Amino acid sequence: MALAAGLAAGLLADAVLGDPRRGHPVAGFGQVAGLLERLLWRPSRTAGAVYAAVLIVPPAAAAGLADRWLRRRRGRRTAPRVGLVAATGWAVLGAASLRREAVALRQALPVTHERPTHERITREPAAAHPPAGQPVTREGGTREPAAGLPVAGQPAAGHPAAGQPDGGLAAARARLPHLCGREPTLLDETGLVRATIESVAENTSDAAVAPLFWGALAGPAGLVGYRAVNTLDAMVGHRSERHRDFGWAAARLDDLANLGPARLTAGLATVLAPAVGGRPGAAWRAWRRDAAAHPSPNAGPCEATFAGALGVRLGGPTTYSYGQSNRPWLGTGRDPSAADIDRAVALSRLVTWSAAAICVGFAYAVGRLVPGPDRPDWSAGAICVGFADAVGRLLPVPDRRDTKSPPGRRPERPTGWTRPTGWSRLTGPTGPTGWSRPTGPTRPTGSTRGDQ
């Protein structure tokens, strides 16, 4: 009950308040991680594994122990635990910030003729080299902009970007690093739009669905542990020369942590495709056909289903600051336009709230079906205690109290000493006369087990 209420409250806080501008816990964690990277960096996977363990285990264990203490010390009072889960969820979730950054980049793009709603499509064969801004249609003709509308790729008259040599893309390029790590100076308008939609698709899982998923399973320990893993993957989980070996452990942990959430995201995007004008069948086919060729086992399903749901083509060769990645094409639709960013943001919002309903419902059902102390405790402290207990059961301590017992026969253990209850008060004809001290404990006469 408390976990479900806390997850819902955390998501509402993220939607209403967004991320704090200053003093964000994840930003502080990133600063500590950057400092430790400079201290512990070695070109080896072992050093990277130690680095990841030092940064992931302590905060996750602290959150788990705090949750465990509240569950055991506060009895039926659920308000403190609801507050802990809600505060942790608010700090960990990033759905509102993701949508806000995508919308800001969309607004920074020049207003162009992006969608074929008011276009007249001619059926005549296209010229060998059609004029700039006049793309060739799938039927072989050319799209002619309607009267009074701007040409594709060019700012509208009166827009602040009109007349600028780069078409007004400088502001959009400046915002792209808030979403992904691509090199913005090498991207045109279509490349910026494609990078934004891909980032929205992938981070819908990373920043929204996955925290809710692990929060429903493991409470605050799952929320904090997942955010630590995902942050380290964003910082060192690259294929650059410096992080190829050092970031290997963080990247593999992030792949494992997102296996379930990424597929939940892809499934919800497939089902919800009609809400943004798409078709579930197209999203499903793109997932089945193109996701496996993506270098990331988790970004592939998310980006492929978004491409199919929006009817656009994503992926392709991608340039990062550390080099180029030859990614496969995802989807078989047209090139994305700036208006498709709004559709991707709407789909991301629907997927996030649907995943929240599933995760909150799961946490509520577990709390109702398995109430009280019998409820499974997946906190870090409980896991450590359970692991130590399992090791102790596998390695029993031999009984050395009776070394003269016949071979193959284990002596029966005595019940132990019989402790006296204490002093007894003596009474006489005129009242209490004093106290009588017991003679001492009595020990069992043999090794026969007494009645319990």
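Within region 68-79, the residues that satisfy the criterion of being assigned to a helix (DSSP H, G or I) and open to solvent by 40 Å² or more (accessible area, probe 1.4 Å) are 68, 69, 71, 72, 73, 79.
Picking from 295, 274, which residue would you name as being surrounded by fewer than 24 Cβ atoms within 10 Å (Cβ to Cβ) and modelled with pLDDT of 95 or more?
Working: 295 fails: modelled with pLDDT of 95 or more.
Matching residue, one of 295, 274: 274.
Looking at region 17-59, which of its residues are in contact (Cβ under 8 Å) with a residue 12 or more places away in the chain and either in a loop (DSSP other than H, G, I, E, B) or closer than 17 Å to residue 95 by Cβ (or both)? Selection gives 17, 18, 19, 24, 25, 26, 41, 42, 43, 44. For region 32-67, enumerate the residues that are open to solvent by 40 Å² or more (accessible area, probe 1.4 Å) and touching a Gly at 6+ places or on another chain (Cβ under 7 Å). Once the filter is applied, which keeps residues that are open to solvent by 40 Å² or more (accessible area, probe 1.4 Å) and touching a Gly at 6+ places or on another chain (Cβ under 7 Å), region 32-67 yields only 65.
Would you mind stating whether residue 278 is more than 23 Å from residue 239 (Cβ to Cβ) and in a loop (DSSP other than H, G, I, E, B)? Taking the combined requirement at face value, the residue satisfies it.
Scanning region 313-331 for residues that are open to solvent by 40 Å² or more (accessible area, probe 1.4 Å) and modelled with pLDDT of 90 or more turns up 313, 329. Under the condition of being over 15 Å from residue 361 (Cα atoms) and open to solvent by 30 Å² or more (accessible area, probe 1.4 Å), the residues counted in region 1-23 number 9. If you go through region 170-209 and keep only what is of a type in the set (S, T, N, Q), open to solvent by 10 Å² or more (accessible area, probe 1.4 Å) and in contact with a helix residue (DSSP H, G or I) (Cβ under 8 Å, 6 or more places away or on another chain), you end up with 185, 203. In the condition set (1) modelled with pLDDT of 90 or more; (2) within 24 Å of the chain's Cα centre (by Cα); (3) open to solvent by 40 Å² or more (accessible area, probe 1.4 Å); (4) of a type in the set (A, V, I, L, M, F, W, C), residue 384 is compliant with all but (1).
Out of region 5-17, which residues are under 24 Å from residue 56 (Cα atoms) and not acidic (Asp, Glu)? Break it down stepwise before answering.
Here is the first cut: in region 5-17, the residues under 24 Å from residue 56 (Cα atoms) are 6-7, 10-11, 14.
Within region 5-17, 6, 7, 10, 11 qualify.
Residues of region 224-243 being of a type in the set (Lys, Arg) and at pLDDT 90 or above, which ones? Listed by number, the list holds a single entry, 227.
The values are calculated or read from the model by the stated rules, or taken from the named source; none is laboratory data. Everything numeric in this text was worked out from a predicted model, so none of it was measured. All Cβ positions, even for glycine, are placed from backbone atoms using ideal geometry, and neighbour counts span all protein chains on display. Remember, those area values only see protein heavy atoms, side chains included, never the ligands or the DNA or RNA. Shrake-Rupley method; radii C 1.70, N 1.55, O 1.52, S 1.80 Å.
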